[in-house]
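Have a look at the structure below, then the notes.
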Amino acid sequence: QVQLVESGGGLVQPGGSLRLSCAASGIIFYDMGWYRQAPGKQRELVASISRGSITNYADSVKGRFIISRDYNKKTVYLQMNSLQPEDTAVYSCNTYPSNRLPWGQGTQVTVSS
């Protein structure tokens, strides 16, 4: 079964940027999504990208985040700009809308001054 490994998180000041990567161990010809879970909150969908690279975003990140994918590299990216403290969470990727694959460990994003 395909495994997912997220990376690219870290500590960043408000207004900063990060680029997250979700690397798959095999071909992921599915619609994919980036999700996040903040402490004490449910996991939420942040952005999705179809097999044909049509993208959709949660209202909270629209205009700030960009999701993309590279089939050759078997990787899905999330470029995050103008980060705010409320973006602090563990970010994970999976298929969308149903989560068909085992969840990876996620990558922690902390936005703080």
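The values are calculated or read from the model by the stated rules, or taken from the named source; none is laboratory data. Keep in mind that what you see is a predicted model, and the values were worked out from it rather than measured. Please note: Cβ atoms are built from the backbone with ideal geometry, for glycine as well, and neighbour counts cover all protein chains shown. Surface accessibility is based on the protein's heavy atoms, side chains included, excluding ligands, DNA and RNA. Shrake-Rupley method; radii C 1.70, N 1.55, O 1.52, S 1.80 Å.
Quick look at the values:
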read-out	value
Contacts under 8 angstrom Cβ, first residue in the range 36-52 being closer than 17 Å to Leu83 by Cβ, partner buried (at least 20 other Cβ atoms within 10 Å of the Cβ) and of a type in the set (S, T, N, Q), 6 or more apart	Arg36/Ser92; Gln37/Ser92
Residue check for Ser48: of a type in the set (Ser, Thr, Tyr), part of a loop (DSSP other than H, G, I, E, B) and farther than 13 Å from Val109 by Cβ	no
The range 99-113 - residue that is in a loop (DSSP other than H, G, I, E, B) and in contact with a Gly (Cβ under 9 Å, 6 or more places away or on another chain) and, of those, most open to solvent (accessible area, probe 1.4 Å)	Asn99
Boolean, Ser53 is closer than 16 Å to Leu20 by Cβ, of a type in the set (Gly, Ala, Ser), part of a loop (DSSP other than H, G, I, E, B) and open to solvent by 50 Å² or more (accessible area, probe 1.4 Å)	no
Yes/no for Ser82 being in a loop (DSSP other than H, G, I, E, B), in contact with a Lys or Arg (Cβ under 9 Å, 6 or more places away or on another chain) and surrounded by fewer than 17 Cβ atoms within 10 Å (Cβ to Cβ)	yes
Flag if Gln37 is open to solvent by 70 Å² or more (accessible area, probe 1.4 Å), among the polar types (S, T, N, Q) and in contact with a Gly (Cβ under 9 Å, 6 or more places away or on another chain)	yes
The range 28-39, residues that are of a type outside the set (A, V, I, L, M, F, W, C) and either within 14 Å of the chain's Cα centre (by Cα) or at pLDDT 95 or above (or both)	Asp31, Gly33, Tyr35, Arg36, Gln37
